[in-house]
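K.L.:
Mind looking over this structure? Questions follow.
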Amino acid sequence: MYYGPRKRQHILTARTISMKTAVVYVSIHHGNTEKIAKEIASVLDARLLEAEEADPKSLSEFDLLGFGSGIYYGKHHEKLLRLVHTLPTVERKKAFVFSTAGVSDRLVEKNLCKNHQALRGALTDKGLDIVGDFSCCGFMTWAYYRFLGGRNKDRPNRDDLERARAFAENLKRKIQTLPGKFN
Ligand SMILES: Cc1cc2nc3c(=O)[nH]c(=O)nc-3n(C[C@H](O)[C@H](O)[C@H](O)COP(=O)(O)O)c2cc1C
């Protein structure tokens, strides 16, 4: 049956509103990624879970799953990667990936692909379709930066949180243009 563009949009919006979403994170260094996770979860009206409290089996009940942590030695935190490796294989589910990193804005952008590669690969292996990536600077006191008062002081800042919100809003819109992908 053809509903016409207005009616069709209405149906797609209703489908998105009922989409179950969870945001799973690890944030152990300075709580940087937790700030981003909370911002994204509030826009998406998502369940917010630390990786340690997330049950791999029950995560498959969600239609959209976000996974994020700080970047450690060029990838997401091991706890998050381990959790993803224990997820059951799924179909028709979406995922997005986010992170905070201790480098400059320019390098965050430049390294995003490489830093997200391991987690993206693990999610894809589980049958999840990746629909977005977000990364920003995070305060770090790793290695010799500890003696210099740290790097990226006060990051994520208000602008970073606004960008995270914009990312989540975009994701919502993007998902509305993927008809028939859920249930
Ligand atoms: C042991 C360790 C290793 C890190 N490795 C990297 C790295 O490879 N690349 C990077 O950009 N930042 C690195 N960082 C900085 C963190 O990714 C950054 O501070 C992040 O915001 C921490 O997030 P969290 O507070 O949510 O844990 C490292 C930090 C620590 C403590």
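Throughout, read-outs are computed from the coordinates displayed, never taken from laboratory work. Here the structure is a predicted model, which means the values were calculated and not measured. Note: ideal-geometry Cβ built from the backbone for every residue, glycine included; neighbour counts use all protein chains shown.
K.L.:
Is the C-alpha gyration tensor of the range 111-152 telling us rounded, prolate or oblate? Criteria: a/c under 1.5 is rounded; beyond that, a/b larger than b/c is prolate, otherwise oblate.
P.N.:
Taking the square roots of the gyration eigenvalues as a ≥ b ≥ c, the range 111-152 is prolate.
K.L.:
Using the alpha-carbon centroid of each, what span in Å lies between the range 74-102 and the range 44-71?
P.N.:
With the range 74-102 and the range 44-71 each reduced to a Cα centre, they are spaced 9 Å.
K.L.:
Taking loop as defined by DSSP and a crowding limit of 16 other beta carbons within 10 Å, which chymotrypsin sites (Phe, Trp or Tyr not before Pro) in the range 69-162 fit?
P.N.:
Listed in order of number, the matching sites are Tyr73, Trp142.
K.L.:
Of Ala168, Ala22, Ser42, whose Cα points farthest to the positive end of the dipole of the chain (charges on the beta-carbon: +1 Lys, Arg; -1 Asp, Glu; origin at the Cα centre)?
P.N.:
So the residue we want is Ala168.
K.L.:
Additional query: Tell me which residues come under 5 Å, amide H to amide H, from Val103 once H is placed; ignore anything under 5 positions away on its chain.
P.N.:
Gly138
K.L.:
Kirkwood hydrodynamic radius, the chain, all distinct C-alpha pairs: what's the number in Å?
P.N.:
Its Kirkwood hydrodynamic radius stands at 16.9 Å.
K.L.:
Cα to Cα, under 18 Å, and not fewer than 8 places away if on the same chain: which lysines meet these conditions relative to Lys114?
P.N.:
The qualifying lysines are Lys75.
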